[in-house]
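The structure under discussion appears below in the form of structure tokens.
The values are calculated or read from the model by the stated rules, or taken from the named source; none is laboratory data. Just so we're clear, the structure is a prediction, and the values are computed from it rather than from any experiment. Quick reminder, even Gly has a Cβ in these numbers, built from the backbone with ideal geometry, and neighbours come from all protein chains shown.
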Amino acid sequence: MMMDAFNDMPAFAPGWVWLVGAGPGNPGLLTLLGLHGLRHADVVIHDALVNPEILKFAREGAKIEYAGKRGGKPSPKQRDISLRLIEFARQNKRVLRLKGGDPFVFGRGGEEALSLVENNIPFRIVPGISAGIGGLAYAGIPVTHRDTNQTVTFITGHDSRGCVPHAVDWAQIARGSQVLVIYMALKHSAEITRKLLEGGRKPDEPAAIVADASLNTQHVVETTLASLPRAIEDSGIAPPAIVVIGEVVRFRTALNWLEKAREAAAENAGQG
């Protein structure tokens, strides 16, 4: 019956590019359509945040090419990545661009898709679970809860220049959104914190940093907004990480299901 689920999935035709979200890291969070694409692709071009275990789903003989972009490290230019997609598609290859999280959530998938449009390359978008939602769920932090918030804002911690986004009205966000989920915030956490506090955010508001979300190496640090930069420094936590600010962080005490599951598994193993 499981194999029957793939029968009605769209064909991955030669000359097409699929932009696929790999999810926050855990291979189990890859979508069935993403798996279907990996099983048929001739070329897989992946970014730095894709779990190597997910690449094992690629069909035997597929070309696997790394195109990761990491801040502060030598990285391929975005234009060069788009040109590779176009080059392989024009060779009549089935090209799968595999991106961490969701390709359209701070993943530059829109830029790559526009390049394909400009060059008349057919493409399909396969959404993935964004780390800002799925990663927080693995940390036991709901993005929304009726008792705490009716709004949530997703923000990137740096713009195309690598700086804190100047186009963001931080004061308005500080006042107007009950929960903030910030991607790529570690490098500029002090400046972001300062802007939010100046905008009227409460210093003692709960905050958390979730690194390696959904993986066995997941690391969560709970703190307050005012203490966020120091907590990042003291913990030694490193990217990739998501920062969440808001009352929803308090639910982690009760909803921290992953660590409880690990503790139960360890206890059962000890008894065995």
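Remarks
- Every residue from region 37-67 that is among the aliphatic types (A, V, I, L, M) and either touching a Phe, Trp or Tyr at 6+ places or on another chain (Cβ under 6 Å) or in the same structural domain as PRO240 (by TED's automatic domain parsing) (or both): LEU38, VAL43
- Unique residue being touching a Ser or Thr at 6+ places or on another chain (Cβ under 6 Å) and not aliphatic (A, V, I, L, M) when the list is PHE88, PHE106, PHE57: PHE106
- Residue check, GLY34 at pLDDT 95 or above and either within 13 Å of GLY128 (Cβ to Cβ) or assigned by TED's automatic domain parsing to the domain that holds MET184 (or both): yes
- Condition met for ARG90 (in the same structural domain as VAL117 (by TED's automatic domain parsing), modelled with pLDDT under 95 and surrounded by fewer than 17 Cβ atoms within 10 Å (Cβ to Cβ)): no
- If you go through region 13-35 and pick out every residue that is farther than 23 Å from ALA211 by Cβ and surrounded by fewer than 20 Cβ atoms within 10 Å (Cβ to Cβ), you end up with 7.
- Here LEU136 meets the list (1) over 19 Å from ALA22 (Cβ atoms); (2) assigned by TED's automatic domain parsing to the domain that holds HIS219; (3) crowded, with 19+ Cβ neighbours inside 10 Å almost entirely, failing just condition (1).
- The lone exception for HIS158 - which of (1) at pLDDT below 95; (2) of a type outside the set (A, V, I, L, M); (3) surrounded by 22 or more Cβ atoms within 10 Å (Cβ to Cβ) it fails: (3)
- Condition check for GLY37: of a type outside the set (S, T, N, Q) and either in a strand (DSSP E or B) or out of contact with any strand residue (DSSP E or B) (no Cβ under 8 Å at 6 or more places or on another chain) (or both): no
- Residue in region 183-200 that is under 22 Å from ASP147 (Cα atoms), over 17 Å from the mean Cα position of the chain (by Cα), crowded, with 18+ Cβ neighbours inside 10 Å and not basic (Lys, Arg) present: no
- Positions within region 175-201 being more than 28 Å from ALA48 (Cβ to Cβ), not charged (D, E, K, R) and not in a helix (DSSP H, G or I), in sequence order: SER177, GLN178, GLY199, GLY200
- Of the strands (runs of 3 or more DSSP E) that lie entirely inside region 72-157, those containing 2 or more residues that are under 15 Å from the mean Cα position of the chain (by Cα) span 95-99, 152-156.
- Some residue of region 114-128 being surrounded by 19 or more Cβ atoms within 10 Å (Cβ to Cβ), closer than 27 Å to TRP257 by Cα and either in contact with a Lys or Arg (Cβ under 8 Å, 6 or more places away or on another chain) or of a type outside the set (Phe, Trp, Tyr) (or both): yes
- Residue that is surrounded by the most Cβ atoms within 10 Å (Cβ to Cβ) [pool: residues in region 206-223 that are in contact with a strand residue (DSSP E or B) (Cβ under 6 Å, 6 or more places away or on another chain) and closer than 24 Å to TRP170 by Cα]: VAL210
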